[in-house]
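Shown next, in structure tokens, is the structure this report addresses.
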Amino acid sequence: MKVPPRIGDSPTTIRSLVGDNIVLPCEAVGVPIPVVMWSRGGEKYPAQDERFEQLQQGSLSIRNAKEGDSGKYLCIAVSEAGSESKTLWLEVNDPPRITNYLPSELVQPLNSFLMIPCEAEGSPRPNVEWFKGSTPVKQFQNGYTITTDGSLIISSLQPGDNGVYTCRVSNQWGNDSQSTSVDTQVRPHIVGENTEREAETTTAMQGDTIRLECNVTDAHPPATISWYMDDRLITNPENAGLEVDFGGRLLTIPFIQNQDMAHYYCIASNSVGDTQKHFRVNVQEGPIINSLAWEEVTVMAGQDVSFDCNVRGTPLPRISWHFDDIPLASTNQRYNFHLDGSIDLRRVEVIDTGFYTCLAKNRAGTANRTIVLTVEVPPSINPSKDHFALPEGTDVILPCEADGVPIPEVTWEKDGIPLDMEGAQYQQLFLGSLRISPVQAVDAGEYVCTARNEAGEASKTVTLRVHIPPSVVPTIPRMTTARVNEDVILTCPITDARADLTAGRETTIT
């Protein structure tokens, strides 16, 4: 008895994964035993592919399944008793996988364009998602764009874009992911960065301490800071009397001096680039006068005199001269002002005696120097009477009024011998004249007064004659006896031969 072929019940849809070994069931029974044949798309199977093998019971074995093996397969069982067919659907699914390689780190400069690829394969086509850390990256937000092939685009990298980015692909058969770290490199930025022409000016007083700041921000990788002084790299700050602190961010110049006045600049650099900040350091020095602060000068009237005022300082001090606190006018032709600060006085007079002050000023301070000028005048004796004839017993003043600067000292001599002023007879008056009281016969003679000071001396001769009144010598007897007709000589001696005899004394003759 013949029995028509019958194919056993089995699923009509077979699902598997790429790489699996698959068996498409088609076990047929019948009398006689049917012959089982396979076809796909009108072509007989197994084809010339070693992966396909028809089993003894009729099922079709597929080793290492591929996505291309998916499709409709027709199983036909044929015998003399008839035939039966069965259609099976094979789905060879491919779990998602990312086909491109992502490095562990992507280092890019600031503001650059970055595309992170995420090329995925899988069946069905996998869904692509991006995450920054654990936060999903959304299309067109925060500057992100996800292309149709799954790549992530960051149009202009910023430091805030740094982080770990993960591409995750998935379908119902699985998922795959790759991660990479985005490191945005930033050229160093210095607060207040500038050019040499725009250098920041710092002015300090000599002896002050100043600090130049090179505050670097946004540098990634971290910047290296170098300092320069007039284009020379400062390699050993200590040897130059400088201090560098906080990784180069601060340059300290302690106890600043004139030689520290220079062009300083810092350079902050990393692998992306560098930037600079320039400083112009000015050192101000208060005026210093390289002369005695107090000096006394003495000159003769009519001479010229010069006063120096050699000043240094930064900025260059302005010099002015004052006489007894009154500014000297450059229009006065008796004064000659020089560029080096000195001054000439022409043909000085007594009225020029006083205090001359050189006043030096700049923004850093003031200094002064004072010269005490004394103008000396040699002594002179005022013209006056130089011959005197007086009777004994009277008073006389021999004139000798002397002028000069300083006030002259007056001394007297008589007949070449200095007068002794300690007695009561001689008195030297304030201006130098000599008072003799009373005049005696011994006072007659030549008197010389001499006026002296530091500038010289002068003298004057005064002649004094003393008249003595006649007197009779008291030796004459009061009575003389003589004979009649005898000559008698009566003597009358007097003390001054120049006296008038009529002034003799009375004598009686008997």
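Here are the numbers for this structure:
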quantity: Using a Förster distance of 22 Å, the FRET efficiency for LEU292-LEU339 (Cβ separation, nearest 0.05); calculated: 0.55
quantity: Rel. contact order, % - alpha carbon contacts under 8 angstrom, at least six apart, the stretch 311-429; calculated: 19
quantity: Where N is the number of residues in the chain, Cα Rg divided by 2.2 N^0.38 Å; calculated: 2.88
quantity: Estimated distance in nm for a label pair at VAL350 and ASP218, the labels positioned 7 Å out from Cα along Cα-to-Cβ; calculated: 8.2
quantity: Cysteines having no other Cys beta carbon under 4.7 Å from their own, within the chain; calculated: CYS492
quantity: Entries in LYS66/LYS86; LYS385/LYS414; LYS44/LYS66; LYS2/LYS72 that, when Cα-Cα distance is taken, lie over 26 Å; calculated: LYS2/LYS72
quantity: Loop-exposed chymotrypsin sites (Phe, Trp or Tyr not before Pro) per DSSP, neighbour cap 13 Cβ within 10 angstrom, longest uninterrupted part of the chain; calculated: 256-429
quantity: Net charge of neighbours whose Cβ lies under 13 Å from the Cβ of PRO34, counting Lys and Arg as +1 and Asp and Glu as -1; calculated: 0
quantity: Extreme residue, positive dipole direction of the stretch 67-192, given options THR147, TYR101, HIS189 (C-beta unit charges); calculated: HIS189
quantity: Separation of the ALA262 and ALA81 label points, Cα + 7 Å toward Cβ, nm; calculated: 11.2
quantity: Efficiency of FRET between VAL442 and HIS467 - r from beta-carbon atoms, R0 22 angstrom, step 0.05; calculated: 0.95
quantity: Calculated SAXS-style log₁₀ I(q)/I(0) at q = 0.14, 0.20 Å⁻¹ - the stretch 1-101, Debye, Cα scatterers; calculated: -0.54, -0.95
quantity: SER61 paired with THR331, simple spin-label distance in nm, labels 7 Å along Cα-to-beta-carbon; calculated: 13.0
quantity: Around LEU152: net Lys/Arg minus Asp/Glu count, Cβ-Cβ under 13 Å; calculated: -1
quantity: Reciprocal of mean inverse Cα separation for the stretch 290-377 (Kirkwood radius, Å); calculated: 13.3
quantity: Net lengthening on full extension, VAL31/GLU422 (0.36 nm per residue, minus Cα-Cα); calculated: 122.1 nm
quantity: Contact order relative to length of the stretch 126-242, as percent, for alpha carbon pairs under 8 angstrom and 6 or more apart; calculated: 19
quantity: Additional length obtainable on full extension of the chain from ASN282 to ASN21, 0.36 nm per residue less Cα span; calculated: 85.3 nm
quantity: Förster-model FRET efficiency, 51 Å R0, GLU50 and VAL191, C-beta, rounded to 0.05; calculated: 0.10
quantity: Net charge dipole size for the chain [Lys, Arg +1 and Asp, Glu -1 on Cβ; Debye, nearest 20]; calculated: 2340
quantity: Separation between Cα centres of the stretch 316-338 and the stretch 365-397, rounded to whole Å; calculated: 32
quantity: Percentage relative contact order, the chain, counting C-alpha pairs under 8 Å, at least six apart; calculated: 8
quantity: For the stretch 155-233 and the stretch 1-64, distance of Cα centres in Å; calculated: 68
quantity: Environment charge at PRO379 (Cβ cut-off 14 Å; Lys +1, Arg +1, Asp -1, Glu -1); calculated: -4
quantity: Debye equation applied to the C-alpha atoms of the stretch 207-326, log10 I(q)/I(0) at 0.14, 0.22 Å⁻¹; calculated: -0.72, -1.25
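Throughout, read-outs are computed from the coordinates displayed, never taken from laboratory work. Just so it is clear, the structure is predicted and the values come from calculations on it, not from any experiment. Here the Cβ is made from the backbone with ideal geometry for all residues, glycine too, and neighbour counts use every protein chain on show.
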